[in-house]
Each structure stands twice: as structure tokens, then as C-alpha cells.
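Q: First the structure, then my questions, so here it is.
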Amino acid sequence: MALKPGNAEPRLSMERKEAKLGLGVPRISPGYKQTEVGVIPEDWSIVSAFDACSKIQDGTHFSPRIGGNDYFYITSKNIRFGHLDISTASRIDRVQHQAIYRRCDVKKGDLLLTKDGANTGNAALNTLDEEFSLLSSVAFLRFHPSQYCPAYFLQQVLTSQGQRQIQDAMAGNAITRLTLEKIKKLRFPVPPTKAEQEAIAKLLSDADALIESLEQLIAKKRQIKQGAMLELLTGKRRLPGFDGEWKNCPLRECLLADPDYGLNAPGVPQTGSLPTYLRITDIDDDGRFIPSGRVAVNHPFSMNYRLGENEIVFARTGASVGKTYLYNADDGEVVFAGFLIRAKIDCSKLCPYFLAAFTKTERYWNWVRVMSMRSGQPGINGNEYADLTLHLPPTIEEQTAIATILSDMDAEIAALEAKLAKARQIKQGMMQELLTGKIRLV
């Protein structure tokens, strides 16, 4: 490069200037190094699936005939995010299995990875002692047993970094598919010893076990609540101290006013001075106001549409028709949107929570299905909701007693769900620290 008179040196590039000034260059802590997958300890290495495995193979590319009781036939639907689920697995006969197994001999401890379809990236360890057949939508990775811990690599695949690698490997494909060649090129950071891999995997597996136990407990509690609703909300089981015939009456006889419709207005970014805007999509299947994605509403007449105590809204159109939300003061000031219908409950005749619980029953949803099928676009108007027939205990005291039991069950489930969310958050934090070597185990 020719220099102009007086120039002492060529002009530095922007990158060299930044490097000279210490700008734009990530600072690496002593004992760590920058790699293609991020910052890791100096004694860790980056290993490809090809180098770490003695065999990588997918299942049969020809669907066998389902039937018989000999061997499980595992497909992508059986590979969950972190565990193997054989509850819906089919079976095939011995002859077909043997033909598949000669090529794809899955063994206990192999890592199963979904490579085709919507669940691509789901991974699980094979925990079964018995042989089974695989479909081509699933591949197995068999790691060299003397050097590598399969459970460690399972956790690496489940990290956000591992999932990004899989998504990048599928980029540009017309069909969502992860080829065997792409799987072999997946690269992961690895501690220097198998013992450290096993220690990390053990901690994360224990966290997974806690999460799974909480999920199972919540499912059990939900089943118990469903059984209690079936008995208590129909009068099949009476609480001690209550008797008398239940009665049928339309919802309108238990309201302070005719049902009214919500406010059609655009949502705006949430601020402390504006009420929250409740839309159909903000109500979950349990009738709660979803905390994420909330917006506010800024409208001169929004005061007329603010929900108050003992008021319930019904979704009146679309795929979510029939959903309900009973106003909860903990949600603050709430304005309900135009595709919702408000009912103001007369608490001397109807316990609000009893009504909210009734709207989770099969009887209610059967009524919704019948009423909403009258036209091409599912919908139920205010007058039709007012005609909803309720089956009620003879006294408000019995309604309240039933509602209290169900409310206590809901509170217990909500507490377990909060505990589950916390456990998942902790697990994510552990993965970020342990699987990158930011925290080392003694």
C-alpha cells in the first residue's frame, strides 16, 4: 500500500482500532476460552456427535404393519422433550421387528433424537431393557462408553444452544428434517473427564425428576378436582348439614342486570395509569387472566366497561366461545373487550364462584357446543347466555360451601404450579451455568 507523504503508517481498520482500544472484544475470564459455541473452560473441548459416538442411525424408512404383541414400535410422538413416553406406542410382530433391528439395533442408554416433523429436536434417553423398533423420524446416538456420558449430551441437546444448532442445521430445507449427516456435525462443549460429565448430568437429572414429580402431582390434583366437581356441582354428593331438592333456573334470574357487551378498542403498551384490557386470548382454560402479553386500553368511555366484584365475562364468538373469567381484584383495573359478554351476579341468589366452577363442567360445555353450532361462525349472544339453565342447591349457603371446597382445591393447584414454574426456572439456570463450565463441580 502506497503512503502519502507524511504518513507514518497505514490507516488502521475499524476492527484493529477497536482491538487496540479494547472495544468490541469480549473479555474472557482467566481460565476460560472463546469457542464456536461460546466461552468454556480452557480444559474443556468441543466434540462433534460423530467423534463422540460409535454409531448414529435412524429407524426404518418403511412403515411396518401395526399389530401383534411382540415389540414396541417407537416413533417421534413417543420422544418428548427430555423423556421417553411409551404410553401411546404401538407394537409390531417379531418378524418385522427383526428385519428393522438388524439395521437399527437400539440399546438401553442410547440417546434418541427426533429428526423429522414438528417435534424435531426432542430428545430422550432409552431407559428400556427390552428391544424395540424405530421409525425413520427418530435417530439414536450411541456414545463411546469409556469417554462420554449419554445423559450429559441429552442435557446439551435440550439447551437453547443445542436447539439452535438443530434449527440452524435444518435451515433452508423445504421439509422440517434433520439428516444423519447434520446430526453427526452437531458440536457440544465437554468437560475433560467422564466423571465430571456424570456429575453434571446427575444434578440436572435430579432437577428433571423434581419437575416430573410436580407435573404428575398437579395432574393428580386436577383429576381429584374434576371428580369433586362432577359430584358436588350436580348434587350427587351432598355436604354434611345440607338437604332439600336442587332446582333448575335460568341464569337471568340470578343477575342484577341484562348481560352487556365489551369495549372495542385497540390495545396499547401497558402503563401504570391505564386499566388493563381483557381480550378472549387473555383467558386461559382455567378461567384465569394470563399474566404474559397483557396490554392496556386508553378510551374515553373505558370506565363504563370496567369489571367489578362478582362480575363474570363469557367469550361470545370464535374458537374460544364459552370461555369465562370471574373478575379477580388481584388483577387490578380491568376493561373487558368487545368479544366478551358481562354478567353481574346477584349474590343473594347465586354464588359467583359456584357459577365459575359450573362453567368448567362437561354439562356446561355440552350446552356451549350445541348453542354455538347454529351458524357458520361459532357464537353465543347475551340473551342466550342469560337463558343458560343452572342446576342449583336450594340455599346460597350450600352453594358457598361447595364453592369454598373447589376454591381451596384451585388454590392448592395454583401453589403447585408456582412451585413447578420455579423448579423449571432453577433448572434453566443450572443448565446455563453447568453446561458451559461457568460453575465447576468439586
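Please treat every number below as a calculation from the coordinates, not as lab data. What you are looking at is a predicted structure, and each value in this text was computed from that prediction instead of being measured. For neighbour counting, all protein chains shown are included, and Cβ atoms are generated from backbone atoms with ideal geometry for every residue, glycine included.
Q: Treating the beta-carbon of each Lys and Arg as +1 and of each Asp and Glu as -1, no other charges, what is the dipole magnitude of the chain about its Cα centre, to the nearest 20 debye?
A: Dipole about the Cα centre, nearest 20: 1500 debye.
Q: Calculate one ³J(HN,Hα) per residue across region 28-33 by plugging θ = phi - 60° into the Karplus curve 6.51 cos²θ - 1.76 cosθ + 1.60, and present them in order as whole Hz with x for glycine and proline.
A: 9, 5, x, x, 10, 9
Q: Between Asp331 and Glu397, 0.36 nm times their residue separation minus their Cα-Cα distance comes to what?
A: Length gained, Asp331 through Glu397: 21.1 nm.
Q: Quick check on packing: order 387-393, 94-100 by the mean number of other C-beta atoms within 10 Å, highest mean leading.
A: Answer by packing, highest mean first, reads 387-393, 94-100.
Q: What number, in percent, do you get for the relative contact order of region 247-392 if the mean sequence gap of Cα pairs under 8 Å and at least 6 apart is divided by its residue count?
A: This gives 35 percent for region 247-392.
Q: Determine the alpha carbon to alpha carbon distance for each of Lys220/Lys419; Lys360/Lys419; Lys77/Lys115; Lys323/Lys419; Lys182/Lys427 and list only those over 20 Å.
A: Pairs exceeding the cut-off: Lys360/Lys419; Lys323/Lys419; Lys182/Lys427.
Q: Continuing with the same structure: Given a cut-off of under 8 Å on Cα pairs at least six residues apart, what relative contact order in percent is computed for region 102-180?
A: Here the relative contact order equals 34 percent.
Q: Okay, moving on. Assuming 0.890 mPa s and 25 °C, estimate D for region 135-244 with Stokes-Einstein, Rh taken as the Kirkwood radius over Cα pairs, in µm²/s.
A: Approximately 133 µm²/s, per Stokes-Einstein.
Q: Under 19 Å from a point placed 7 Å out from the Cα of Trp246 along the Cα-to-Cβ direction: which residues of region 394-420 have their backbone N that close?
A: The answer is 394-409.
Q: Given a Förster distance of 56 angstrom, what is the FRET efficiency for Leu256 paired with Asp129, based on the Cβ-Cβ distance and rounded to 0.05?
A: 0.30
Q: Now, a different point. How big is the dipole moment of region 45-190 about its Cα centre under a simple scheme where the beta carbon of each Lys and Arg is +1, that of each Asp and Glu is -1, and everything else is neutral? Debye, nearest 20, please.
A: 260
Q: Something else now. Compute the projected area of the convex hull of the Cα atoms of region 247-392, averaged over all viewing directions, and report it in nm² to one decimal place.
A: 8.6
Q: Over the C-alpha atoms of region 374-442, what are the Rg and the largest Cα-to-Cα span, Dmax, in Å?
A: In order Rg, Dmax, the Cα atoms of region 374-442 give 24.0, 68 Å.
Q: Within a Cβ distance under 13 Å of Ile200, other residues only, what is the Lys/Arg minus Asp/Glu net charge?
A: Surrounding charge for Ile200 is 0.
Q: Can you give the local net charge around Cys347? Use residues other than it whose beta-carbon is closer than 15 angstrom to its beta-carbon, Lys and Arg +1, Asp and Glu -1.
A: In short, -4.
Q: Length gain on complete extension for the stretch Met373 to Asp93, per 0.36 nm per residue less the alpha carbon to alpha carbon distance?
A: 96.4 nm
Q: A further question follows. Quote to one decimal, in nm, the extra length available between Gln425 and Asn69 on full extension: 0.36 nm per residue of separation minus the C-alpha distance between them.
A: 124.1 nm
Q: Now a separate question. Under DSSP H, which helices of the chain have Cα atoms covering 24 Å or more of the helix axis and a Kyte-Doolittle average no less than -0.5?
A: Those that pass (Cα extent of 24 Å or more, hydropathy at least -0.5) are 194-232, 396-434.
Q: May I pose another question? Over the chain, one equal point on each Cα, no solvent: what is log10 I(q)/I(0) by the Debye formula at q = 0.11 Å⁻¹?
A: With one equal scatterer per Cα and no solvent, log10 I(q)/I(0) is -1.03.
Q: For the chain, what's the relative contact order in percent, using C-alpha pairs closer than 8 Å and at least 6 residues apart?
A: It comes to 15 percent, rounded to a whole number.
Q: Which is farthest toward the positive dipole end of the chain among Ala228, Ser348, Phe242, measuring Cα position about the Cα centre, with Cβ charges +1 (Lys, Arg) and -1 (Asp, Glu)?
A: The residue sitting farthest along the positive end of the dipole is Ala228.
Q: Set Lys and Arg Cβ to +1 and Asp and Glu Cβ to -1, take the dipole of the chain about its Cα centre, and tell me which of Ser76, Gln428, Asn366 lies farthest positive.
A: Value: Ser76.
Q: Starting from the Cα of Trp365, step 7 Å toward the Cβ, then list every residue of region 286-314 with an amide N under 20 Å from that point.
A: Once the point is set 7 Å along Cα→Cβ of Trp365, 286-290, 313-314 turn out to lie under 20 Å by backbone N, inside region 286-314.
Q: Give me a comma-separated list of calculated 3J(HN,Hα) values for region 71-78, in order, Karplus coefficients 6.51, -1.76, 1.60 applied at θ = phi - 60°, integers in Hz, x for any Gly or Pro.
A: 9, 5, 10, 9, 10, 4, 5, 8
Q: May I have the extent of the alpha carbons of region 45-190 along their three principal axes, as whole Å values ordered from largest to smallest?
A: 46, 39, 24
Q: Now for a separate question. Using 7 Å Cα-to-Cβ label points, what is the Arg237/Ala171 separation (nm, one decimal)?
A: 5.7
Q: Continuing with the same structure: Sort 409-416, 46-53 for me by packing, meaning the mean count of neighbouring Cβ atoms within 10 Å per residue, highest on top.
A: Top of the packing list down: 46-53, 409-416.
Q: Could you list which residues have their amide H under 5 Å from that of Gly267, counting only those 5 or more apart in sequence or on another chain, with H placed in the peptide plane?
A: Hits under the 5 Å cutoff: none.
Q: May I ask you to list the residues of region 156-194 whose amide nitrogen lies under 14 Å from a point 7 Å from Cα along the Cα→beta-carbon direction of Lys33?
A: Residues passing the 14 Å test: 189-192.
Q: Listed highest first by mean packing, meaning other Cβ atoms within 10 Å per residue, what order do 320-329, 122-131 come in?
A: 320-329, 122-131
Q: Using amide H atoms built 1.01 Å from N in the peptide plane, name the residues 5+ places from Phe143, or on other chains, whose amide H lies under 5 Å from its own.
A: Excluding prolines and chain starts, which carry no amide H, the hits are Ser54, Leu111.
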